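Read through the structure below, which is laid out as structure tokens, and then see the notes.
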Amino acid sequence: MRKKLIGCTIISVALSSALIVPAFGQTIEVRPISADDNPVIPISLRMHWSQMFIDQLSKDYNIESLFSGKDLNAAIKAEDYLNIVKIVFDAEYNTTPDSMTREAVVHELIKLWADKTGKDLDNIATIKMIIYSDTEKIDPKYNQSVTLAYMNDIAKGRGDGIFDPKADVTYGELAALIFNTAEAIAEEKKPDVETVAEERFETRGSYEIKDGKVVFDFELVNNYSEPKDVMLGSGQQFELTITDEKGEEVYRYSDGKFFTLALVTETINPGESLKWQDAWDMTDKEGNKLTSGKFKAKIDILVVPEDESQVIEESQFTTVIEFELSKN
């Protein structure tokens, strides 16, 4: 799933001469240019965390009046939810959530996301893991939507692994949810320019968290128009390494294993593939059980050139899978 970058807010303050002071929820002391002759004038500038989302939305939509004078920590009104959805997504929209709780609003926005991107909510696979520690408090009819919102960077909870499904959505949260939904729709509608080139191999991978393990399925696909032979080590045909957020290696498939040295040749027909699977028990090299954090799994299919003159493009036999573990 992607990240969004929002430009830093720049606040201009005029004090005898023009001074430009960056601020975001900070208390800043602004000193005039002629500091030797003038006292320091403390100016307290505090900005609500959601203001950046309001500012970004305001660039494309006339939504200022919906937030002007509002307490951004106050619970939203149904009419304001309806108005902002009409402005940003669909002027003909006339549906409101069952309530203004976080679970109900997220559910309604996911339905909107699916409608605008042509998705069938009943046929979308979701990650099989407990995302939030209070998942059991989420109404079952909203559970899939909350998971999809997490997967598409629309809603990530309130921190510390908590979603707080029964709490009312605030005006600040509404701005963030609307902005993130708009971004998710735009991302989904982007044309797929990264089409696989013809006449080459491709390594694909996926993962599933199951029974306390991260299970990786991966394959080497023949995208050529004719059958292709690949030579592999009969003992070790792939290497899988996992690193944490610091880039430190926590798992390597080949550690502690012994492999035969004989080679084996496999024939892959056009459009078909060779498949493998490996599982990591979430234990690092020191024997510590890892229950949270972001990780990268790098998979290399160990193809051997048939002769020294054969040039192999390594990128065809490699893929990287990013995944995240969350405490239950």
Legend entry - Given (1) assigned to a loop (DSSP other than H, G, I, E, B); (2) on the phi < 0 side of the Ramachandran plot, index of the condition residue 69 fails: (2)
Inset, instruction - Those residues that are more than 33 Å from the chain's Cα centre (by Cα) and either farther than 30 Å from residue 325 by Cβ or among the acidic types (Asp, Glu) (or both), I need them from the range 236-269; list them, please. - result: 260, 261, 262, 263, 264, 265, 266, 267, 268, 269
Legend entry - residue 82 vs. criteria in the same structural domain as residue 184 (by TED's automatic domain parsing), among the aliphatic types (A, V, I, L, M) and crowded, with 21+ Cβ neighbours inside 10 Å: no
Legend entry - Residues of the range 118-139 satisfying the condition of being of a type outside the set (A, V, I, L, M, F, W, C) and over 18 Å from the mean Cα position of the chain (by Cα): 118, 119, 120, 122, 123, 133, 134, 135, 136, 137, 139
Inset, instruction - Write out, first by first residue and then by second, each pair whose Cβ atoms fall under 7 Å of each other, whose residues are 6+ apart or on separate chains, and whose first residue, in the range 79-99, is at negative phi and touching a residue at least 40 places away in the same chain (Cβ under 8 Å) while the second is surrounded by 15 or more Cβ atoms within 10 Å (Cβ to Cβ) and among the polar types (S, T, N, Q). - result: 81/96
Inset, instruction - Of the numbered conditions (1) crowded, with 16+ Cβ neighbours inside 10 Å; (2) not in a helix (DSSP H, G or I), residue 98 fails exactly one; give the number of that condition. - result: (1)
Legend entry - Filter result for residue 91 (modelled with pLDDT of 90 or more, more than 25 Å from the chain's Cα centre (by Cα), over 18 Å from residue 169 (Cα atoms) and not hydroxyl-bearing (Ser, Thr, Tyr)): yes
Inset, instruction - Return the total of residues in the range 140-158 being surrounded by fewer than 20 Cβ atoms within 10 Å (Cβ to Cβ), within 15 Å of the chain's Cα centre (by Cα) and assigned to a loop (DSSP other than H, G, I, E, B). - result: 3
Inset, instruction - Would you mind telling me which numbered condition in (1) in the same structural domain as residue 148 (by TED's automatic domain parsing); (2) over 24 Å from residue 188 (Cα atoms); (3) at pLDDT below 95 residue 28 fails? - result: (1)
Inset, instruction - Take the residues in the range 198-252 that are crowded, with 18+ Cβ neighbours inside 10 Å and among the hydroxyl-bearing types (Ser, Thr, Tyr), then tell me which one is nearest to residue 287 (Cα to Cα). - result: 251
Inset, instruction - Output the number of the condition that residue 152 fails; it satisfies all remaining conditions of (1) of a type outside the set (A, V, I, L, M, F, W, C); (2) under 25 Å from residue 81 (Cα atoms); (3) modelled with pLDDT under 90. - result: (3)
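The values are calculated or read from the model by the stated rules, or taken from the named source; none is laboratory data. Remember, predicted model here, so these are calculated numbers, not experimental data. In this analysis, Cβ positions are derived from the backbone assuming ideal geometry, glycine residues included, and neighbour counts consider all displayed protein chains.
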